[in-house]
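Peer 1: Right, I'll just put the structure down here and ask away after.
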Amino acid sequence: MPEDYTRWRPCYRPGHSRFTFYAKDQQHLSARFAKPSSNKWEGVPRRAGVTGSPVLEPALALLECRLYAQYDGGDHVILVGRITHIEKDTGGNPLVFFRGRYHTIGSAAPELEATFL
């Protein structure tokens, strides 16, 4: 995250973080949280997660972490977390931001049978 991550502090409890995986119909939320704003959470349904960090509702998946290490990355700070809690919703497709555009990943690939010699 950027070295001056003061705008991110309202989203985290000291020593904890969380990562939200958006569903394909949540592009508006992804764009909202990607922009600098003092009222990102205004009107957004949320609850306190296991670590106390605010958690978006609904979310396709959630990882809550405890800070494990922090490294200098030049103009960024690299945070490494230890996962303490996982939640998932198996009923949707994820939203992906790649090469400056939003994409979705369709239905799962068919099950492949493993062949062992």
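Values quoted throughout were computed directly from the atomic coordinates according to the rules given, and no laboratory measurement underlies them. All values derive from a computational prediction rather than experimental measurement.
Peer 1: Rounded, prolate or oblate: pick one for segment 30-79, where a ≥ b ≥ c are the square roots of the eigenvalues of its C-alpha gyration tensor, a/c under 1.5 means rounded, and failing that, prolate if a/b is larger than b/c, else oblate.
Peer 2: Because a/c hits 1.5 or more and a/b fails to exceed b/c, segment 30-79 counts as oblate.
Peer 1: Take the alpha carbon gyration tensor of segment 6-104, find the square roots of its eigenvalues, order them as a ≥ b ≥ c, and report rounded if a/c is under 1.5; if not, report prolate when a/b exceeds b/c, else oblate.
Peer 2: Numbers: a/c = 1.41, a/b = 1.25, b/c = 1.13.
Verdict is rounded for segment 6-104.
Peer 1: Another question, if that's okay. Near Lys88, which lysines are there with a Cα under 18 Å away, not counting those fewer than 8 places off in the same chain?
Peer 2: Lys24
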